[in-house]
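None of the figures in this text is laboratory data; all of them are computed from the coordinates on show. Everything numeric here is computed off the predicted structure, so don't read it as measured data. No Cβ is skipped: glycine too gets one built from the backbone with ideal geometry, and neighbour counts run over all protein chains shown.
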Amino acid sequence: MESKHIKDALQHEAWRALRIMSEFVDATDTLVRIGPAVAVFGSARTRPEKPEFSQAVDCGKLLVQRGFAVITGGGPGIMEAVNKGAVESGGVSVGLNISLPFEQKPNPYQSIELTFRYFFVRKVMFVKHARGFIIFPGGFGTMDELFESLTLIQTLKIVPFPVVLIGKKFWQPLLDWMRTTLCEEHATISAEDFEIFRVTDDVREAVDIVHEVHSGKRLWAPKLPRFASDPPLADEEGIRSGVHPRRHLQGDASLGIDNLE
């Protein structure tokens, strides 16, 4: 028979699963209505006097002018700047806030504000509802979003979308390490992986890239295998299920074309 400890644990985890599900449902019900959007990331610690802050304001304005809603993490710094630019241009300005013990303070420029308890649910929403990522200098959280997007594109779990890094001076040391240590010395990534993102100092160029891919004028990461499902339908989950490692499927099993979610 199950012990009381196990029964209590099962009940606790069941309620946790329901909380997780409710976050997915509430967020999806809201975000599915906003239309094409671009997620912008960067440090919560960037002060208004920094040039990156002004760039981020311009980024929000330019995205709205191109018909995009803007999605940020809803906090201060770069997030506040992007939301500010979007609101001042009369656009949809979304903040996906997270409950934290410190640092996260919702900025006042959110026309749609959601708050998440779970980081991983929030991260799914960024990827699912974005037509591209624009990434300013930031810390661990910014790096997390960067490498998650690159991993999903590299492994073909999502239809490739633009990932554009702002600030060559900030990003170049990391890119140099990736090229020399990861690619050349240890071969843990390939040279083609550097084609799934771009680096620029020009915010307008970043917005142009995202807009060109969204409008079909440009194919992102053209060397990656393509899928019959490109581009994804708006009412799908936005991911590819892939091939089960222990199941032989009919069709092109190498790409999982017949096993799309």
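Applying 1/(1 + (r/R0)^6) with R0 = 41 Å to the Cβ-Cβ distance of Lys169 and Asp29, what FRET efficiency is obtained, to the nearest 0.05? All intermediate terms of the calculation are to be shown ahead of the outcome.
Working: r = 41 Å, r/R0 = 1.00.
The value I calculate is 0.50.
Quick check on packing: order 120-126, 24-30 by the mean number of other C-beta atoms within 10 Å, highest mean leading.
120-126, 24-30
If packing is taken as the average count of other Cβ atoms within 10 Å, what order do 40-47, 173-180, 84-91 fall into, highest mean first? Can you show the working numbers first?
On the way: 40-47: 22.0, 173-180: 12.5, 84-91: 20.4.
Order by mean packing, descending: 40-47, 84-91, 173-180.
Between His186 and Met143, take the C-beta separation as r, use R0 = 22 Å, and let me know the FRET efficiency to the nearest 0.05.
0.70
If I take every Cα pair under 8 Å that is 6 or more residues apart in the chain, average their sequence separation and divide by the length, what percent do I get for the relative contact order?
Result for the chain is 15 percent.
Would you mind counting up the charge near Phe126? Only other residues with Cβ under 11 Å from its Cβ, with Lys and Arg at +1 and Asp and Glu at -1.
0
Rounded, prolate or oblate: pick one for the range 167-218, where a ≥ b ≥ c are the square roots of the eigenvalues of its C-alpha gyration tensor, a/c under 1.5 means rounded, and failing that, prolate if a/b is larger than b/c, else oblate.
Details: a/c = 5.70, a/b = 1.71, b/c = 3.33.
Judged from the Cα gyration tensor, the range 167-218 comes out oblate (a/c at least 1.5, b/c at or above a/b).
Under 10 Å, Cα contacts only: if you run a Gaussian network model on the chain, which one of Ala187, Ala81, Ala69 comes out with the highest mean-square fluctuation?
Comparing Ala187, Ala81, Ala69 in the GNM, the peak value goes to Ala187.
More than 23 Å apart: what percent of Cα pairs in the chain qualify?
55
Order the peptides 5-15, 132-142 from the highest to the lowest mean number of other Cβ atoms within 10 Å of their residues.
On the way: 5-15: 10.3, 132-142: 20.8.
Order by mean packing, descending: 132-142, 5-15.
What lysines could a cross-link reach from Lys223, if we take a straight Cα to Cα line under 19 Å and drop same-chain neighbours fewer than 8 places away?
Candidates past the 8-residue exclusion: Lys157.
As a check on your grasp of the helix formula, calculate [θ] at 222 nm for the chain: sum -39500 (n - 2.57) over DSSP H runs of n ≥ 4, divide by the residue count, round to the nearest 500.
The helix contribution divided over the chain gives -12500 deg cm²/dmol.
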